[in-house]
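Chemist: Below: one structure in structure tokens.
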Amino acid sequence: MIKLIQNIDVYAPEHLGLKDVLVINDKIVKITDAGSIPQITFLSDAVVIDGTDKILTPGFIDCHVHILGGGGEGGFANRTPEATMEGLTKFGVTTVVGCLGTDGIGRDMCALVAKAKGLNEQGMTAYCYTGSYQIPVRTLTDSITKDIMMIQEIIGTGEIAISDHRSSQPTFEEFVRVAADTRLGGILSGKAGIINVHLGDGSGCMELIDRVIDETEIPASQFLPTHVNRNEMLFCKTIKYALKGGAVDFTGNEDIDYWETVRDEVRVCYGMKRMLEAGVNPHRITISSDGQGSLPVYNEKGEFQGMGVGQSSSLLKEVRECVNKAQIPLETALSAITSNPAEILCLKRKGRILEGYDADLCILDQDLQLTDVIVRGKRVH
Ligand code: ZN
């Protein structure tokens, strides 16, 4: 299967300018100046895509999705449905990292790994974290370290909840043991061994993570805390942590109007701008959707209307906001959903338009609207 994307403005996510990109089977094989690869239509199965006035980006990586569904916090009727490949790729997501959530009983690690395997078999790329909100972590094998070493799809632990009324209220010793076991699993398997931490609204904020960094040999780079933009106080603390080398994950919202109604939550685009202005390394910032999680829906009077379900559409919407509202360069905004999560999570051959990398690609128009999605060399939308 050969695809030639001609004369397209490439953001790799660095801006490379007008290029021709040759894809053979599931890999990016050649990237050259526009016009330098001749038409290959004489090959019977070759597809030529005219990229004039279009933008080519790496496929998006959504690094925090409840792929088995989430919710259930108001009882069984509030459980949300599983993610589907179609539901992810139609928003440009070609790689997903799945997690459980509050509920690690009604959904377990067997089901989570099986779901990730299913998405991989369907043609996209899926990884997952071992565990749920709770400590002790309920693993698939007999330990966190073994899960990460021996189960291909498992790349770390998460989402472990801290500073949240739904967490296990872990002690420092319990939390640091999880971090150490996860780090060891990463070291022994060549994976990232990241601890994905759910930050709640509690006054403890980042305290447990800060103590691990200050009191042990475990570095800040071992953690990827999520929901950093949950409230102003927490956000300010995460800036300090990011300045020590930690990575931070913003939670996007697919309903961009939602940001007009929030009081204490930090709008992703302005939060990212503030991080960059504070001197945070732009490669240490990610945006994820918290997809398939339950989202309370309110009417204009602020009355609870029921539960919605998060979707990965938020990734590109937040990137557009970063560019249009916060004047963040497109390549910087894009890196938060492509090369940054790939680097932080050590996802090999992902997140960049580079020769030898997987052919996970999105084509956008000039208004940054998605027009085509290519997943491991196959055009799916
Ligand atoms: Zn969470």
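Chemist: Could you pull the accessible area for Val323 with a 1.4 Å probe, rounded to 10 Å²?
Modeler: Taking all protein chains as shown, Val323 has close to 40 Å².
Chemist: How many times 2.2 N^0.38 Å is the alpha carbon radius of gyration of the chain?
Modeler: Scaled against compact globular proteins, the figure is 0.96.
Chemist: Find which of Gly106, Pro136, Leu370 sits farthest along the positive direction of the dipole of the chain, computed with +1 on the beta-carbon of Lys and Arg, -1 on that of Asp and Glu, about the Cα centre.
Modeler: Pro136
Chemist: Here's another thing I want to ask about it. When the Karplus curve 6.51 cos²θ - 1.76 cosθ + 1.60 is applied with θ = phi - 60°, which whole-Hz ³J(HN,Hα) does each residue of region 287-292 get, with x for Gly and Pro?
Modeler: My calculation for region 287-292 gives 10, 10, 9, 6, x, 6 Hz in order.
Chemist: Radius of gyration and Dmax for region 66-123's Cα atoms, expressed in Å?
Modeler: In order Rg, Dmax, the Cα atoms of region 66-123 give 11.7, 34 Å.
Chemist: Tell me the angle of helix 232-243 to the major Cα principal axis of the chain, expressed in degrees between 0 and 90 and rounded to the nearest ten.
Modeler: So the helix axis and the longest Cα principal axis differ by about 70 degrees.
Chemist: Would you mind checking which residues have amide H under 5 Å from Asn196's amide H? H placed 1.01 Å from N; only 5 or more apart, or other chain.
Modeler: Under 5 Å from the amide H of Asn196 lie the amide H atoms of Thr157, Gly158, Ile160, Leu224, each far enough along the sequence or on another chain.
Chemist: Quick one: pull the percent of accessible area on the chain belonging to carbon and sulfur, 1.4 Å probe, ligands and nucleic acids left out.
Modeler: Carbon with sulfur: 51 percent of the solvent-accessible area.
Chemist: Share of antiparallel DSSP beta bridges in region 242-381, in percent to the nearest 5?
Modeler: Once the DSSP bridges in region 242-381 are tallied, antiparallel ones form about 75 percent.
Chemist: Of all the C-alpha pairs in region 129-209, what % are more than 15 Å from each other?
Modeler: 49
Chemist: Also: Non-local amide H neighbours of Lys27 (under 5 Å, H modeled in plane, Pro and chain starts lacking H): which ones?
Modeler: For Lys27, whose amide H was placed from the backbone, the distant partners under 5 Å are Ala359.
Chemist: In degrees, nearest 10, range 0 to 90: what is the angle between the Cα axis of helix 109-122 and the longest Cα principal axis of the chain?
Modeler: Roughly 10 degrees, rounded to the nearest 10.
Chemist: Still on this structure: What does DSSP give for region 1-76 in terms of the percent of beta bridges that are antiparallel, rounded to the nearest 5?
Modeler: On the way: 14 of 22 bridges.
So the antiparallel bridges amount to about 65 percent of the total.
Chemist: When the helix-only estimate is applied to the chain (DSSP H runs of n ≥ 4, each -39,500 (n - 2.57), divided by the residue count), what is the mean residue ellipticity at 222 nm, nearest 500 deg cm²/dmol? All intermediate terms of the calculation are to be shown ahead of the outcome.
Modeler: Details: 11 runs with 103 residues, N = 381.
Result for the chain: -7500 deg cm²/dmol, rounded to the nearest 500.
Chemist: How much accessible area per residue does the chain have, in Å², with a 1.4 Å probe? Don't skip to the end; give the middle numbers.
Modeler: Details: 15450 Å² over 381 residues.
Per-residue value: 41 Å².
Chemist: Quick one: work out the % antiparallel among DSSP beta bridges in the chain, nearest 5. Provide the component values of the computation, followed by the final result.
Modeler: Numbers: 31 of 66 bridges.
Antiparallel bridges: around 45 percent, rounded to the nearest 5.
The values are calculated or read from the model by the stated rules, or taken from the named source; none is laboratory data. Just so we're clear, the structure is a prediction, and the values are computed from it rather than from any experiment. Quick reminder, even Gly has a Cβ in these numbers, built from the backbone with ideal geometry, and neighbours come from all protein chains shown. The accessibility values were calculated without ligands, DNA or RNA, using every heavy atom of the protein model including side chains. Shrake-Rupley method; radii C 1.70, N 1.55, O 1.52, S 1.80 Å.
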